[in-house]
Amino acid sequence: MLSQAQRRAYLILQAVLCALVAGMLAAAAIRIYTEGAPLKAADLFYNIYTREKVSDQLLRLFPLITGALGMTLAGWILGVRDENAEKASPDVEMVRDLTCARVAQPGAAMQAERALQRKWLWGGWIGFALCMIPIVIYTANGAHFSRPTDTEADFFGLIRLFLPLTAAGLLILAVSMVMREKSMVRETEAAKAQIAAEKAAGNLPKPGNASGQGVPQKANRKTVTLRTVILILALVLLVLGILNGGLEDVFAKGASICTECVGLG
C-alpha cells in the first residue's frame, strides 16, 4: 500500500499528465486548422478535419495518452484516491452569516470587514467586465467575420484578443473572491470575540432578536446569481451573433441542407 505522501504525489502526477494530454490535443486541433484554413478559403468544399489528419496527430500523442490512461487504470486498481474529494468544503459565507447573527450589535471591526467585502465583490466584477469590453466590441463588428479570405486572420485575431483578456478578467475575479473570503474569516473571528465579550457581560441577544446582519435571505442565492449571469451572457452572445451576421449564416446553411440533402431542390 502507498503512503499518504506517495498517494498525493501519484495524484499530482496523474493530474499533470491529464492536463498535458488535454493541452496537446487542443494544440493538435489548432495545428490542423492553421494548416487547412488557407485551403478552405480557396476551396469551400475542402475538409479541414479529415480522418487521416486526426489519426496522424493522435499517433504522435499516443505515448502520452497511453501513459495517462495507464496511470489512471493503475490508480483505480491500487485504490489510489483523494480522501478529501468527498468531504464537503466549509461554506465560509454561511459560517460568517450564522456567527454574525448571534451578535447583538455589529462592532466596528465587523462593519469595516463587511464594507471591505463589498468593495472586493464589486471591484472583481467591474474588473472582469472591463476586460470583456474589448472582446464584445471586436465580436460585435461584423466586418471581422464577413471576409472569407481573411478567416484565418480573423480567427487568430480573436484568439489573441480573447485569451489574454479572459485570463486577466478571471484572474482579477479569482483574486477578489479569495480576498473577500479572507475578509469573511476575519469578520467571523471578530464576531466570535464580540460574542465572547457579550457573554461575559451578560448582554447576549434573546433568540429571534439578533441583529440579523448577514443572515441569508435565500439559501439558493448563489445558484440564482449564477443562473442570472449565464442568462445575461447568453442574451449578449445572441445579440452579438445577430449583429455580426451570424443569423444570416445559420439561415443560409439551414436552407442549403434542406435544398441539397433532403432533396427539396
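The values are calculated or read from the model by the stated rules, or taken from the named source; none is laboratory data. From a predicted model like this one, the values you see are computed outputs, not experimental measurements. Heads up, the Cβs are rebuilt from the backbone with ideal geometry, glycines too, and the neighbour counts pull from every protein chain shown.
Screening the range 171-191 for residues that are touching a helix residue (DSSP H, G or I) at 6+ places or on another chain (Cβ under 6 Å) and closer than 16 Å to Ala108 by Cβ and picking the one that is surrounded by the fewest Cβ atoms within 10 Å (Cβ to Cβ) gives Arg186.
All conditions in (1) surrounded by 11 or more Cβ atoms within 10 Å (Cβ to Cβ); (2) modelled with pLDDT of 70 or more; (3) β-branched (Val, Ile, Thr) hold for Val215, with the sole exception of (2). So for the range 111-122 (the condition being surrounded by 13 or more Cβ atoms within 10 Å (Cβ to Cβ) and among the small types (Gly, Ala, Ser)), does at least one residue qualify? Yes, the conditions are met somewhere in the range 111-122. For Asp154, the conditions (1) within 24 Å of Arg118 (Cα to Cα); (2) at pLDDT below 90; (3) of a type in the set (Asp, Glu) all hold with the exception of (1). Could you tell me whether the range 45-68 includes any residue that is modelled with pLDDT of 85 or more, in the same structural domain as Ala196 (by TED's automatic domain parsing), out of contact with any Gly (no Cβ under 8 Å at 6 or more places or on another chain) and loosely packed, with under 12 Cβ neighbours inside 10 Å? Within the range 45-68 (the criterion being modelled with pLDDT of 85 or more, in the same structural domain as Ala196 (by TED's automatic domain parsing), out of contact with any Gly (no Cβ under 8 Å at 6 or more places or on another chain) and loosely packed, with under 12 Cβ neighbours inside 10 Å), the answer is no, since none of the residues qualifies. For the range 1-31, the set of residues classified as of a type in the set (Lys, Arg) and touching a residue at least 60 places away in the same chain (Cβ under 8 Å) consists of Arg7 only. At least 3 residues being within 30 Å of Ala196 (Cα to Cα) is the threshold, and among the helices (runs of 4 or more DSSP H) wholly inside the range 36-114 those reaching it are 92-100. Among residues of the range 111-127 that are more than 10 Å from Arg180 (Cβ to Cβ), those with a Cβ under 7 angstrom from a residue that is among the β-branched types (Val, Ile, Thr) and buried (at least 17 other Cβ atoms within 10 Å of the Cβ), sequence gap 6+ or separate chain, pair up as Gly127/Ile172. Here Gly23 qualifies as surrounded by fewer than 12 Cβ atoms within 10 Å (Cβ to Cβ), out of contact with any Cys (no Cβ under 9 Å at 6 or more places or on another chain) and under 28 Å from Leu173 (Cα atoms).
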